[in-house]
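> Got a structure here, written out as structure tokens. Questions coming.
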Amino acid sequence: MAKTLLTTLGTTKYTETVYFFGEQRADKTCYVAKALCQLFEIDRVVLLLTEEARATHWNCLQDCLPSHVEKIARAIPEGKTEAETWEIFDVLVDSIEPNTQLLFDITHAFRSIPVLMLLGAALLRKAKNVEIQGLYYGLYRHGQAETPIIDLTPAIRLLDWLTASDKFISTGSAVELGQLLDRVQRDFYRQQKPGKGDPRPTRLQSFGQAIRDISRSLELVRPVSLQEDLRKLQRHSTQELAEEVGQFAKPFGLLLQSIQNSYSQLALPADQKEDPRAQVQKHFQLLRWYVEKRFTTQALLLAREWVVSALCLCEGIQNYLEREARQGIEHQLGSLIPREEQLLGDLPATGSLIQHQEQLQSLPPIAAHVPDVQQLAKLWSRLSEYRNDVAHVQMKPKSLRSEVLESFVLQDLLPSLEALFPELARLEKDPSASW
């Protein structure tokens, strides 16, 4: 895999200096690109140049770079307009081949180029599988014989935090945040050996794993295992963790409290973890969370099962997970739907399920637990149809439009359940659940 340096030059006459990075020193030169080739064993240099900069420096730079290094010049405009800025961005991105090991140098970058390089780095990693090995700046000081090269790579990692943070805020998933915490701790011990008594990260990796486990349970609709995952997170949520985050993962510090608040609302208080009623109420809170995050599929899957769980409790069945009990409730629910509509297979969303309760020859026992049995029958019919439609992923001649499914979840689902099961669907504020 070729190691490429992406750099740029202006029209200034540069002064010779000795560039150094850590304990390494390069030969005296007026071009930081030459020093970086020496320090990082570069295979290819891609230089972004305006027409004037090319006339001023290109020939001299080619002569001083090592002979084995491939030299490529790319013409760019001066970036005086928005159109020219995007042209520079296009040239930057198009100059890098897929699967490249890439270093950025912004020592002599001008106008918007440093920002474009940061944005380009983010895009190249995702779109072209480019490995960003560093972002560097030669801190030249007039009158000084030596010039340090500053590692600005953490600025690129900040983009990772930005992307992961945006994903958490919009979807509730902390998988990428957990991976970043894991990387911070692993990189710390790989890159340095702390002395006795020196601060070191010891909690980031386990906390990162905890929030990844929660995200996995949320994504795969595992409300039972979610509670154990949340208890693990609570054990990790300590003042020591907050201090460690502030020292070694500062960007995450802005989200730590938000993550704890978002997830703690889904956790059962310790004294209620064996209470079936509290469990089902918390499952409804999870359902509400899915709707708020617009997770249509997860909401449909959980809502259908929640109706069965709720009716189990109404019937006095404490072990609502027991398969035989659930099948009995499902059979009763199915009996509310007219036989001819069951035979059709594809139930209409607003079909004639039960026009009048007196049309039924007999009501199943579960009918006594809801204020409107007709509404229950209609809801169960829709939930069954919509859940099945999602599960079969359109592998049938006729399927519902995505807009129909989403509209039902976002507008009708929660109000219908709240009307049928007001006690179990009630949102209760529990201060003890916050961390």
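The values are calculated or read from the model by the stated rules, or taken from the named source; none is laboratory data. Keep in mind that what you see is a predicted model, and the values were worked out from it rather than measured. Ideal geometry is used to build each Cβ from the backbone, glycine not excepted, and the neighbour counts take in all protein chains shown. Surface areas here come from the heavy atoms of the whole protein model, side chains and all, with no ligands, DNA or RNA. Shrake-Rupley method; radii C 1.70, N 1.55, O 1.52, S 1.80 Å.
> Considering every pair of different Cα atoms, what Kirkwood radius, in Å, is found for the stretch 17-78?
Working: mean 1/r = 0.0811 Å⁻¹.
Computed over the stretch 17-78, the radius equals 12.3 Å.
> Treating cross-link reach as a plain straight distance, find the aspartates and glutamates whose alpha-carbon is under 12 Å from the alpha-carbon of residue 232, omitting any fewer than eight places away in the same chain.
213
> Which residue, 378, 126, 71, has the most motion in a Gaussian network model of the chain that connects Cα atoms within less than 10 Å?
Per the Cα network of the chain with a 10 Å cutoff, 126 tops the list.
> Let me ask something additional. Can you give the FRET efficiency to the nearest 0.05 for residue 125 and residue 398, using r as the Cβ-Cβ distance and R₀ = 56 Å? All intermediate terms of the calculation are to be shown ahead of the outcome.
Numbers: r = 43 Å, r/R0 = 0.76.
The formula returns an efficiency of 0.85 here.
> Probe radius 1.4 Å, ligands and nucleic acids left out: which of 78, 52, 330 has the largest accessible area, and how do the rest follow? Numbers along the way, then the final one.
Numbers: 78 75, 52 110, 330 35 Å².
So, going from the largest accessible area down, we get 52, 78, 330.
> In addition: Please give the per residue accessible area of the chain, computed with a probe of 1.4 Å over protein heavy atoms only, in Å².
52
> Nearest 5 is fine: what % of DSSP beta bridges in the chain come out antiparallel, could you say?
The answer is about 20 percent antiparallel.
> May I pose another question? To the nearest 20 Debye, how big is the dipole of the chain about its Cα centre, given +1 on the beta carbon of each Lys and Arg and -1 on that of each Asp and Glu?
Numbers: 49 positive and 56 negative charges, 162 e Å.
Charge dipole, the chain, about its Cα centre: 780 debye, nearest 20.
> Which angle from 0 to 90°, rounded to the nearest 10, does the C-alpha axis of helix 296-314 make with the longest principal axis of the chain?
30
> Which ³J(HN,Hα) values, rounded to whole Hz and listed in residue order, are derived for the stretch 77-88 from phi using the Karplus coefficients 6.51, -1.76 and 1.60 in 6.51 cos²θ - 1.76 cosθ + 1.60 with θ = phi - 60°, glycine and proline given as x?
x, 7, x, 7, 10, 4, 4, 5, 4, 5, 5, 4
> Can you give me the % of accessible surface on the stretch 6-125 that is carbon or sulfur? Probe 1.4 Å, all protein chains present, nothing else counted.
On the way: 2780 of 5790 Å².
Summing carbon and sulfur atoms, their accessible area is 48 percent of the total for the stretch 6-125.
> Name the long-range amide H neighbours of residue 73: under 5 Å, sequence gap of 5 or more, or other chain; modelled H, no Pro or chain starts.
So residue 73 has HN proximity to 47.
> Would you please classify the overall shape of the stretch 1-111 from the alpha carbon gyration tensor, given that a ≥ b ≥ c denote the square roots of the eigenvalues, rounded means a/c under 1.5, and beyond that prolate means a/b larger than b/c while oblate covers the rest? Before the final figure, lay out each step's value.
Details: a/c = 1.86, a/b = 1.31, b/c = 1.42.
Oblate.
> Enter the angle in degrees (range 0 to 90, nearest 10) between the Cα long axis of helix 239-248 and the first principal axis of the Cα atoms of the chain, meaning the one along which they spread out most.
30
> Residue by residue through the stretch 66-76, which ³J(HN,Hα) values in whole Hz follow from phi under the Karplus form 6.51 cos²θ - 1.76 cosθ + 1.60 (θ = phi - 60°), with glycine and proline marked x?
Along the stretch 66-76, the couplings run x, 5, 7, 7, 6, 10, 10, 9, 10, 6, 10 Hz.
> Right, next: Once label points are set 7 Å from the Cα along Cα→Cβ at both residue 368 and residue 16, what is their separation, rounded to one decimal in nm?
Placing both labels 7 Å along Cα→Cβ, they lie 10.0 nm apart.
> Suppose each label sits 7 Å from its Cα in the direction of the beta carbon; what would the residue 243-residue 426 distance come out to in nanometres?
Result: 4.3 nm between the two label points.
> Would you mind telling me which residue in 397, 269, 251 has the biggest mean-square fluctuation in a Gaussian network model of the chain, where springs connect alpha carbons within a distance under 10 angstrom?
Fluctuation is largest for 397.
> Over the chain, what is the relative contact order in percent, taking alpha-carbon pairs closer than 8 angstrom and at least six residues apart? Mind dumping the intermediate values first?
Details: 555 pairs, mean separation 44.5, N = 435.
Relative contact order comes out at 10 percent.
> Scan around residue 237 for amide H atoms under 5 Å from its own, H built in the peptide plane at 1.01 Å from N, and keep only partners 5 or more places away or cross-chain.
Sorted by chain and number, the residues that satisfy this come to none at all.
> Need the list of lysines near residue 3 for cross-linking: C-alpha distance under 29 angstrom, and skip anything on the same chain fewer than eight residues off.
Within reach: 13, 28, 34, 71, 126, 128, 193.
> Another question, then. Determine the sum of side-chain charges near residue 208: Lys and Arg each +1, Asp and Glu each -1, restricted to other residues whose C-beta is under 11 angstrom from that of residue 208.
+1
> With +1 assigned to the C-beta of every Lys and Arg and -1 to the C-beta of every Asp and Glu, and no other charges, what is the dipole magnitude of the stretch 286-342 about the Cα centre in debye, to the nearest 20?
Details: 7 positive and 8 negative charges, 63 e Å.
Once rounded to the nearest 20, the dipole reads 300 debye.
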